[in-house]
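See structure below.
The values are calculated or read from the model by the stated rules, or taken from the named source; none is laboratory data. The model shown is predicted, which means the values in this text are computed figures rather than measured ones. We place every Cβ from the backbone using ideal geometry, glycine too, and count neighbours over all the protein chains shown.
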């Protein structure tokens, strides 16, 4: 009933509740009738999609017609909901639970800082709600209970979203999710109330008053959580990966992750959340990375800058918070900023507190560099306390007071200003909390001392999910924590991601919901006094501070931080390989623009260029000539300096690529698995499907891979996990890179081999040997496993879906079979790629560059044998026809009509195989690729993937895919 809008509307009217006016449509004609009834603006929501996929707000008829067709295509049942757009209204969410005795409780109230019109997954949210009066909140609470009863949720939880007009107070029900949702996870972490666990017990017949509260051990689940702190969630976007995409936020979710921070005040929680985002920001600006330096704007230009910032704020986007600060610094009134943004004045007032305090601190510095002696005279203890209570980091204070970060730390030590660690207790301190789930605050003088006699180890988490660093690393952190506890250690987890398992309070002996920055980790170490810290399971996030932790006297367990730094430093890494006769493609390092062409000529085109110290291939590009290099340096590389060099590697074209995961105890090294990429070298390893065991690897090459991997483990003193990437072409094996940490493939390899390699690595880090654990190499598996990636292309318009060296996938799936074809077909289906069946037939579009045509010939021939028709662009069509494969000609986009776009829109194409070459304009490819994703058509952009897909299509035709359990592998 909740998903059927007509039934939901009737149900709400039956209990006297208001919902936005609207109706369903399955065609443009249906939609036009709704348009005539409602007028503009309108919001379009495709049915049965998550994250608002295909949704949009429209303001004119042309836009309406276009978005209707887009929305219908995105809905799995071809249906859209068209409603009046309540843009600018305040948005709230209540997490509600009900049991079989009709007891209802509100677990958490959540307020969206951004107004309606921005998807709640893209909105900054705050818990508990901040701007409702008690009377308004009680009215909303009563309405939520009516909704959950009327819809018929007999037991379990629901998320109910409300819209409230900021002036009239009109309240409408936006939607209800009668299930655990994205907001449920946030509410669970914000309150300490485990919603999913309680929902499972309610489904078994328990009442809320029969389920004990694990945190207080005195109350039950019918006790509504009370919060004496503020929780702020900020989404994590990766627009830098998609420069062509419109960054304005709307009804379709565009973020790929989020962070959560807890503080005693909104400013404290907000600034903690900002420095948790892994964007290099240490709070709300004031960290040396502000795009606009308001203090340096000439007086006669202030009006122009104000107009520009007002224009920027008129449309919600990922940088809104920073532009809010700029607007307030330029003396825009709170009421004017609220009117422009639709954000409640209360939130803007809170941000103004930060801005006003910033002005006070800048005045103290007076433009001079400060030493500790100076600061002791000018910065009082009370002023420093106030700064920390507003969430200012040491980095921000050092920037504002023009001193070193260590000076601020010394000043805090002098005044004994340290954070307190307070429990998330569900009861606002009314009862004692027995669960060690903590957040830091400077708003209280209470200290928490650890008196445990257990040896303790801190595991640093991976922060927010983003492209290049996702849930795979959280898997590693969770299993490391569980292993530490099994081995008798006090396991301490630090992370700031509410979407993860690692931030469940029962995974570790103690959980700190904190940013993973040097300041925050040192403060936790001061309280916990750990025997060591593990940094190798959280991806790049903990590695950034590994050397600094060692410098501060913290024992980093496992692979030495110096080895980690040497592997990250391309120059040092290359020198070590060269000194030990380990082959690597020719490379060079550019420290200024003038060196670039000279280094590129020495290395030899084509080349792979990238900034140093990046994860996920950020700003990495294949360049084929000097002109392309100059363009890259102008547009992508940014500043090129000795501190920010650009790396240039020879690009090995048409090579096989392999990923190798291994574990070492410091003496012996065991290979966990060898994965062969389906896509050729040049496609980022995180974007390539891969197979274990490898499907084309000779015994000789395998032995070389094993030998080189073991040698690297020895050279870099690896203790724990490591990953090595190899390229193989023309009987030559090259080492592309080596990461002395857990890789994103470890969860996949662990499941495919039946061995939990993270637990093995953790025991190695604790000093156990592989021999004592009985761990041996076993690379011959009884099954074939394929990892396929999931892309966010359907969420973005104007995107180029063709793969390259910069990672853009946001997730992955796994298929298991007895053959590679069976495993690959399962993986493709799991990823939402629906290959055409030979029984159904249909048309396949093929457009192949000249270098790929010989390899394409047997694929095309087999497709016709399976009953498919082929259409192709001119060069490909002539080649196929000349070689005995029948293919029909079709125009490229700008050549004539009907072209490939027309054929696709008419429903004549089932699958597309399109391989571009080099630095062409990509216009046709981009337009065709984007339409393919909009129409849910299978698009294949590399020949290796086409070969694998052909095998999967043949396998689908045999109709006998069988499930294989992970237990069968062990």
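Overview of results
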{"item": "The lone exception for residue 804 - which of (1) in contact with a helix residue (DSSP H, G or I) (Cβ under 9 Å, 6 or more places away or on another chain); (2) surrounded by 17 or more Cβ atoms within 10 Å (Cβ to Cβ); (3) more than 30 Å from residue 241 (Cβ to Cβ) it fails", "result": "(3)"}
{"item": "Which numbered condition residue 571 misses (of (1) without any contact (Cβ under 8 Å) to a residue 40 or more places away in the chain; (2) under 25 Å from residue 405 (Cα atoms))", "result": "(2)"}
{"item": "Region 318-332, residues that are in a loop (DSSP other than H, G, I, E, B) and either closer than 21 Å to residue 166 by Cβ or out of contact with any helix residue (DSSP H, G or I) (no Cβ under 6 Å at 6 or more places or on another chain) (or both)", "result": "318, 319, 331, 332"}
{"item": "Test for residue 867: is it in contact with a strand residue (DSSP E or B) (Cβ under 9 Å, 6 or more places away or on another chain), loosely packed, with under 15 Cβ neighbours inside 10 Å and within 21 Å of residue 947 (Cβ to Cβ)", "result": "yes"}
{"item": "Any hit, region 882-899, residues being under 39 Å from the mean Cα position of the chain (by Cα) and touching a residue at least 60 places away in the same chain (Cβ under 8 Å)", "result": "no"}
{"item": "Residue within region 711-719 that is in the same structural domain as residue 762 (by TED's automatic domain parsing) and assigned to a strand (DSSP E or B) present", "result": "yes"}
{"item": "Any pair with Cβ under 8 angstrom, 6 or more apart, that starts in region 131-142 at a residue that is assigned by TED's automatic domain parsing to the domain that holds residue 162 and ends at one that is at pLDDT below 95", "result": "136/169"}
{"item": "Flag for residue 154 being touching a strand residue (DSSP E or B) at 6+ places or on another chain (Cβ under 9 Å), assigned to a loop (DSSP other than H, G, I, E, B), over 27 Å from residue 511 (Cα atoms) and at pLDDT below 95", "result": "yes"}
{"item": "Test result for residue 278, at positive phi and either under 17 Å from the mean Cα position of the chain (by Cα) or buried (at least 24 other Cβ atoms within 10 Å of the Cβ) (or both)", "result": "yes"}
{"item": "Qualifying residue in region 236-248 (condition: more than 26 Å from residue 428 (Cβ to Cβ), surrounded by fewer than 20 Cβ atoms within 10 Å (Cβ to Cβ) and touching a strand residue (DSSP E or B) at 6+ places or on another chain (Cβ under 6 Å))", "result": "yes"}
{"item": "Residues that are part of a strand (DSSP E or B) and under 27 Å from the mean Cα position of the chain (by Cα), drawn from region 184-237", "result": "230, 231, 232, 233, 234, 235, 236"}
{"item": "Some residue of region 524-536 being under 19 Å from the mean Cα position of the chain (by Cα), part of a strand (DSSP E or B) and surrounded by 21 or more Cβ atoms within 10 Å (Cβ to Cβ)", "result": "no"}
{"item": "Considering residues of region 164-183 that are part of a loop (DSSP other than H, G, I, E, B) and in contact (Cβ under 8 Å) with a residue 60 or more places away in the chain only, the residue surrounded by the most Cβ atoms within 10 Å (Cβ to Cβ)", "result": "178"}
{"item": "Residues satisfying the stated conditions in region 777-831, i.e. part of a helix (DSSP H, G or I) and in contact (Cβ under 8 Å) with a residue 60 or more places away in the chain", "result": "793, 794, 795, 820, 821, 822, 823, 824, 825, 826, 827, 828"}
{"item": "Selection count, region 772-789, where residues are out of contact with any strand residue (DSSP E or B) (no Cβ under 7 Å at 6 or more places or on another chain) and under 18 Å from residue 483 (Cα atoms)", "result": "3"}
{"item": "Unique residue being under 24 Å from residue 272 (Cα atoms), touching a helix residue (DSSP H, G or I) at 6+ places or on another chain (Cβ under 8 Å) and at pLDDT 95 or above when the list is 480, 510", "result": "510"}
{"item": "Restricting region 833-862 to residues that are in contact with a strand residue (DSSP E or B) (Cβ under 8 Å, 6 or more places away or on another chain) and assigned to a helix (DSSP H, G or I), the residue that is surrounded by the most Cβ atoms within 10 Å (Cβ to Cβ)", "result": "860"}
{"item": "Members of region 535-544 that are at pLDDT 95 or above and either out of contact with any helix residue (DSSP H, G or I) (no Cβ under 6 Å at 6 or more places or on another chain) or on the phi > 0 side of the Ramachandran plot (or both)", "result": "536, 542"}
{"item": "Single match in 370, 382 (criterion: over 32 Å from the mean Cα position of the chain (by Cα), more than 30 Å from residue 224 (Cβ to Cβ) and part of a loop (DSSP other than H, G, I, E, B))", "result": "370"}
{"item": "Unique residue being within 26 Å of residue 233 (Cα to Cα) and in contact with a helix residue (DSSP H, G or I) (Cβ under 7 Å, 6 or more places away or on another chain) when the list is 315, 335", "result": "335"}
{"item": "Pick from region 3-38, criterion assigned to a loop (DSSP other than H, G, I, E, B) and modelled with pLDDT of 90 or more, ranking: surrounded by the most Cβ atoms within 10 Å (Cβ to Cβ)", "result": "20"}
